[in-house]
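Peer 1: Okay, handing you the structure first.
The values are calculated or read from the model by the stated rules, or taken from the named source; none is laboratory data. It should be emphasised that the depicted structure is a prediction, and the values quoted were computed from it without experimental measurement. Note that each Cβ is placed from the backbone with ideal geometry, even for glycine, and that neighbours are counted across all protein chains shown. These accessible areas exclude ligands, DNA and RNA; they are computed on the full protein's heavy atoms, side chains included. Shrake-Rupley method; radii C 1.70, N 1.55, O 1.52, S 1.80 Å.
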Amino acid sequence: MNELANKVCVPCRGGIPPLKGKKLKALHNQLGNGWSVINEHHLEKEWKFDDFQSALYFTNKIGSLAEEQGHHPDIYLTWGKVGIKMWTHKIDGLTESDFILSAKIDCIA
């Protein structure tokens, strides 16, 4: 299990700068598993499934995890595919919690 997955998401109150440069790269390297950092702004990843029901089941698991952690990604669901777009809306960029939730999602995938 990824070390990030053992951490807990911390609610963002705003007023902090989004992660950039070396700090962002270090967390991205720790996360791994096919997550992409887009324009130092958000994380993206996609999973493929054999049918809609499996994709929906995975989506619901992500939703429950997001509620538990108090941190919510954008989720794209279509037949046989689930996509995640993750960033902290309050600061319009990435925080450590985005990487934590992403690692936790990988654990349930």
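Peer 1: Considering only protein heavy atoms and a probe of 1.4 Å, how much of the accessible area of the chain is carbon and sulfur, as a whole percent?
Peer 2: The value for the chain is 52 percent carbon and sulfur by accessible area.
Peer 1: Relative to the longest principal axis of the C-alpha atoms of the chain, give the angle of the C-alpha long axis of helix 52-69, reported between 0 and 90° and rounded to the nearest 10°.
Peer 2: 30
Peer 1: Farthest toward the dipole's positive end in the chain, which of Pro17, Phe58, Gly93, given Cβ charges of +1 (Lys, Arg) and -1 (Asp, Glu) about the Cα centre?
Peer 2: Pro17
Peer 1: Another question about this same structure. Once ligands and nucleic acids are excluded and a 1.4 Å probe is used, how much of Thr78 is accessible, expressed in Å² to the nearest 10?
Peer 2: 40
Peer 1: Let me ask another. Order the following by accessible area, largest value first: Lys25, Lys48. Probe radius 1.4 Å; ligands, DNA and RNA are ignored.
Peer 2: Lys48, Lys25
Peer 1: Here's something else I'd like to know. If a/c stays under 1.5 just call it rounded; otherwise compare a/b with b/c (prolate if a/b is bigger, oblate if not). Do that for segment 17-109, with a ≥ b ≥ c from the square roots of the Cα gyration tensor eigenvalues.
Peer 2: prolate
Peer 1: Same structure again: Taking segment 22-109, how many lysine pairs are there with alpha carbons less than 23 Å apart, if each pair must be eight or more places apart or span two chains?
Peer 2: 27
Peer 1: Note the angle between two axes, namely the Cα long axis of helix 21-31 and the longest principal axis of the Cα atoms of the chain, as a number of degrees from 0 to 90, rounded to the nearest 10.
Peer 2: 30
Peer 1: Turning to a different aspect of this structure: Quick one: accessible area per residue over the chain, 1.4 Å probe, rounded to a whole number of Å²?
Peer 2: Spelled out: the 1.4 Å probe surface of the chain, per residue, equals 58 Å².
Peer 1: Shape of segment 48-88 from its Cα gyration tensor (a ≥ b ≥ c, root eigenvalues): rounded if a/c is under 1.5, otherwise prolate when a/b > b/c, or oblate?
Peer 2: Cα axes put segment 48-88 in the oblate bin.
Peer 1: Treating the angle as unsigned and between 0 and 90°, give the value, to the nearest 10°, between the Cα long axis of helix 96-108 and the longest Cα principal axis of the chain.
Peer 2: Relative to the chain, helix 96-108 is tipped by roughly 20 degrees.
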